[in-house]
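The values are calculated or read from the model by the stated rules, or taken from the named source; none is laboratory data. These figures come from a predicted structure and were not determined experimentally. When we count neighbours, we look across all protein chains shown, and the Cβ atoms used for this are built from the backbone with ideal geometry, even at glycine.
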Amino acid sequence: MKSAIGVNLVPTLLLISQHSPESCWLFNEEAKKVHLNLVNKLEELLKKYGIRLLGCWFALSEHTMYEVYDVPNFEAFQKMSMEPEIAAWSSFNTMEIKLVSPLEDVMRILKQSQ
Ligand SMILES: [Zn+2]
């Protein structure tokens, strides 16, 4: 859905999550189990809340993950975060969430502000 000035009305979120080397799923068995549980459930959760995972990148040596989501609204994202598999995952990870815009929307706003 687009607004009157043509920008995307579906919020896009950048999630930056990080864990300590001690709680890395590469070395920590409990963390590995929790991460595998989430991987197996994630598609179902995304569908349940109408959320699209646009991309996901790992910086393995920094124990940091970058994920980009299209969400119907913030409430849906918050509710999904409280699902048991994600709540368990977040006990190993800190999260930073940023509202981001696609470049095409930013360019449109820039051109309209002339
Ligand atoms: Zn790690």
Margin query: Report every pair of residues separated by at least 6 positions or lying on different chains whose Cβ atoms are under 6 Å apart, first residue within region 60-81 and touching a residue at least 24 places away in the same chain (Cβ under 8 Å), second among the small types (Gly, Ala, Ser) and within 16 Å of the ligand (Cβ to nearest atom).
Written below: Met65/Ser17
Notebook entry, point to check: Filter region 31-66 for residues that are of a type in the set (A, V, I, L, M) and within 19 Å of Thr12 (Cβ to Cβ); which is nearest to the ligand (Cβ to nearest atom)?
Noted result: Met65
Note to self: Could you tell me how many of the residues in region 16-33 are in a loop (DSSP other than H, G, I, E, B) and more than 20 Å from Cys56 (Cα to Cα)?
What the structure shows: 2
Margin query: Looking at (1) surrounded by 12 or more Cβ atoms within 10 Å (Cβ to Cβ); (2) more than 12 Å from the chain's Cα centre (by Cα); (3) basic (Lys, Arg), which one does Arg52 not meet, given that it meets all the others?
Written below: (2)
Checklist line | Test for Ser61: is it loosely packed, with under 14 Cβ neighbours inside 10 Å and among the hydroxyl-bearing types (Ser, Thr, Tyr) | finding: yes
Next item on the list: Specify the residue that is farthest from Ser81 (Cα to Cα); the eligible residues are those in region 8-35 that are loosely packed, with under 12 Cβ neighbours inside 10 Å and hydrophobic (A, V, I, L, M, F, W, C).
Entry: Phe27
Check: Looking at (1) modelled with pLDDT under 95; (2) surrounded by 11 or more Cβ atoms within 10 Å (Cβ to Cβ); (3) under 16 Å from Leu13 (Cα atoms), which is the one condition that is false for Leu103?
Finding: (2)
Checklist line | Entirely in region 34-102, the strands (runs of 3 or more DSSP E) that have 1 or more residues that are among the aromatic types (Phe, Trp, Tyr) | finding: 52-59, 64-70
